[in-house]
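> Starting off with a structure, shown below.
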Amino acid sequence: MALGRLSQALLKSSLTQSRRQLSATAEQGHDASKLWKRLTYLVALPGVAVCMLNMYLKMQHHAAHYEKPEFIPYSHLRIRTKRFPWGDGSKSLFHNRELNALPGGYEGDE
């Protein structure tokens, strides 16, 4: 019996402590949300903007020096055993006429 009373007393004390901790955490949670909101707007979004600017400038530099590689009709590339179900059947869904060659060569290089 004494063991039962002791376990009940410990359980009650641990429950009241956890309630106190939860209420303290709830008060701190508001400050934490302000911190994360500030970090989002002052660190994350400017960081993404800087990365986008870096990518754009590198793309512009690359495009200025880019030359299309010569088309070599390798037999193991661009094999079409069945027509694609869209368009004329020879172009992939995300076909880019400047970068993707067809089985006969690049479009416009005739």
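A short reminder: the numbers here are calculations on the coordinates, not readings from a lab. Owing to the predicted nature of the structure, the values given are computational and were not obtained by experimental measurement. Counting neighbours? That spans all protein chains shown, and the Cβs are built from the backbone with ideal geometry, glycine included.
> What is the spin-label model distance, in nm, from residue 81 to residue 7 if the labels are put 7 Å beyond Cα along the C-beta direction?
Going by the 7 Å Cα→Cβ label model, 6.8 nm.
> Can you list the residues, at least 5 places off or on another chain, whose amide H is less than 5 Å from the amide H of residue 102, using H built in the peptide plane?
107
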